[in-house]
Amino acid sequence: MRNDPAWNKARALPRSHKQQRAQAFSALRKKYHFSEYELHEYAKLARVSWIADHIESTMAQTLATRAYQAVNRVCVGKATRVRFRSKGRGIDSVEGKRNDVGLRFVCDPNAGDGGFLIWNQEVIPAIIDWGDPVVQHGMRHPIKYVRLVRRKASSPQAQGADKDSNRYSVQLVLEGHAFVKPKHEEGGKDTIGLDIGPSTLALVPRRAKADLVTFCQELSPNASKKRRLQRKMDRQRRATNPNNYDEKGRVKKGKGRLKWRESKRYQATRRQHATTERRLAAHRKSLHGHLAHRIASVGTTITIEKTSFKGWQKQYGRSIGLRAPGMFVAHLTRIVAKTGGTLREVSAYQTKLSQYCQKSGQYHKKPRSQRWHRCECGLGPVQRDLYSAFLIAYLEPEQTTPSITQHVWEGAEPRLQAVMEDLQQRANEGEPFPRSMGVSASSKAARARARRLKSPAYLHQEPVSPSGEAGNGG
């Protein structure tokens, strides 16, 4: 389809002619049968031989949908290639479309643990914690469809793992609304402005206390352990495959694929690395949830700047990969929607609030290294991220500049200063902060801390003889 000359003609149409472009691309998709339902028809024909014995029609359609979505991302330019699953690795999840045929889950509280996964002729009992309030809430709702998920364990000896170090769990997709804990039922009523950075988060409500936090600071120890395991894996790989590297230690490039051998120690280290990665992801998700609920407890009317996290990956790849601010925004959006609030994104290109001064009404370009806002009109100094979050909190819909009176600023300025005074005190006590906060320990505190860390000098003691006199070495 993309090799057809009509494809380039459709791409050459101006983006302002949306209807003509849509019709041109739609005609090409119809000509080459490139659609999700066409792939569903192909999946019916592909169910032959042993495939038909294991994959029923509904599961084949879901697999076809997954394949279409992967190829369509390449077609529209959101991905560069399709990643195919190898025969040895396989796929880690399968699901159906209904709970009455194929892969389905049946609840029976009177038998065993009360639930069975049925797949073709297999009837597998499930382990259910009926004392969990989340499970109790979910089981009271109708089941739409079932998903079977496979995850790697740390070793074959791990609890619930098979001989290949795999754990299996069932995910039930239910009708209704998700469970909300009693402590999270009532959200705050304040209006909040958020300024999200690669490693920091500025939170400024209109009335409550402001804050500037390091984003997912607790993940640093886990990230260091992950990096050590990666270096260990690299050393083991080099020791086992010396012929795959050139004289400078680089992987050889040439025709044909290189054959890599894996030692048992390398495989064990790789399992440790995978376990560390899973724990890191779980810890990150937990920190995202705590922070999102903390914000929702202050207010559920939240405004943030629309950010390209994919663009951030090119500049701050390691920080973005560790903290995942995009996943946090998605998590916060779900929590705010669950509590009946709103999360609004504004265009940073149109507002340019990090360069705006509300007192003079002018824009002042600042380099990224300048973390404090100072204006000739007398406003400042104020931390740049906090000030940007303050302006976002007072930005009304369909406006590009906030309307802030002098009375509002006089009430907010002491709150912003209190945040920075607290951070400065903690920095003087030795707590590290990202440079983007604009906080560093004072020279006096740094010298005092250096004196405390200096090891005391102990006098050398001569050995004492049994008679009580110092030994003379004789």
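The values are calculated or read from the model by the stated rules, or taken from the named source; none is laboratory data. Everything quoted here is computed from the prediction, not taken from an experiment. When we count neighbours, we look across all protein chains shown, and the Cβ atoms used for this are built from the backbone with ideal geometry, even at glycine. SASA here: full protein model, heavy atoms, side chains in, ligands and nucleic acids out. Shrake-Rupley method; radii C 1.70, N 1.55, O 1.52, S 1.80 Å.
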Checklist entry - Classify region 1-148: rounded, prolate or oblate, from the alpha-carbon gyration tensor (a ≥ b ≥ c, eigenvalue square roots; a/c under 1.5 rounded; otherwise prolate if a/b is larger than b/c)? => result prolate
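Rounded to the nearest 500, what is the chain's calculated 222 nm mean residue ellipticity when only DSSP H runs of at least 4 contribute -39500 (n - 2.57) each, over all residues?
Details: 15 runs with 197 residues, N = 474.
That calculation yields -13000 deg cm²/dmol at 222 nm.
Would you please put 256-269, 327-340 in order of how densely packed they are, using the mean number of other Cβ atoms within 10 angstrom per residue and starting with the highest? Mind showing how you got there, number by number?
Values: 256-269: 11.4, 327-340: 16.6.
Ranking, from highest mean packing down: 327-340, 256-269.
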Item to check | Convex hull volume per residue in cubic angstrom - Cα atoms of region 295-410 | outcome: 127 Å³
Checklist entry - Roughly speaking, what is the stretch gain from residue 132 to residue 98, that is 0.36 nm per residue apart minus the C-alpha to C-alpha distance, in nm to one decimal? => result 9.7 nm
Item to check | aspartates and glutamates with Cα under 12 Å of residue 31, excluding same-chain neighbours fewer than 8 positions away | outcome: 4
Checklist outcome for this item: Per the C-alpha gyration tensor (a ≥ b ≥ c, the square roots of its eigenvalues), the chain is rounded if a/c is under 1.5, else prolate if a/b beats b/c, else oblate; here it's oblate
Checklist outcome for this item: As straight-line cross-link partners of residue 87, the qualifying aspartates and glutamates (C-alpha separation under 16 Å, not fewer than 8 residues apart within one chain) are 164
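Would you please put 61-67, 37-43 in order of how densely packed they are, using the mean number of other Cβ atoms within 10 angstrom per residue and starting with the highest? Present the calculation step by step, with values, prior to reporting the outcome.
Numbers: 61-67: 18.1, 37-43: 15.7.
Output ranking for 61-67, 37-43: 61-67, 37-43.
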Next on the checklist: On a straight-distance basis, which aspartates and glutamates could pair with residue 209 in a cross-link, Cα separation under 12 angstrom, same-chain partners fewer than 8 positions away excluded?
Outcome noted: 190, 413
Item to check | R0 of 41 Å, Cβ-Cβ distance residue 79-residue 448: FRET efficiency to nearest 0.05 | outcome: 0.15
Item to check | Per residue value of the accessible surface for region 127-241 (all protein chains in place, 1.4 Å probe), Å² | outcome: 60 Å²
Checklist entry - Which of the listed residues, 414, 386, 438, is farthest toward the dipole's positive end in region 376-444, when Lys, Arg count +1 and Asp, Glu count -1 at the beta-carbon? => result 438
Checklist outcome for this item: So, relative contact order of the chain in percent, Cα under 8 Å, 6 or more apart, is 11 percent
Checklist entry - What are the trypsin sites (Lys or Arg not before Pro) within region 87-138 that DSSP puts in a loop, where the Cβ has at most 12 other Cβ atoms within 10 Å? => result 87, 89
Checklist entry - Which percent of the accessible heavy-atom area of the chain goes to carbon and sulfur, probe 1.4 angstrom? => result 51 percent
Next on the checklist: Assuming a strict under-19 Å limit between Cα atoms, what lysine pair count do you get for region 304-449 once near-sequence pairs (fewer than 8 apart, same chain) are dropped?
Outcome noted: 4
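So, by mean Cβ neighbours within 10 angstrom, what's the order for 238-245, 211-218, 11-18 with the highest one leading? Write out the running numbers ahead of the final one.
Working: 238-245: 12.4, 211-218: 18.6, 11-18: 9.9.
Result, highest mean Cβ count within 10 Å first: 211-218, 238-245, 11-18.
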Checklist outcome for this item: Taking every other residue with Cβ under 12 Å from the Cβ of residue 252 and scoring Lys and Arg +1, Asp and Glu -1, one gets +4
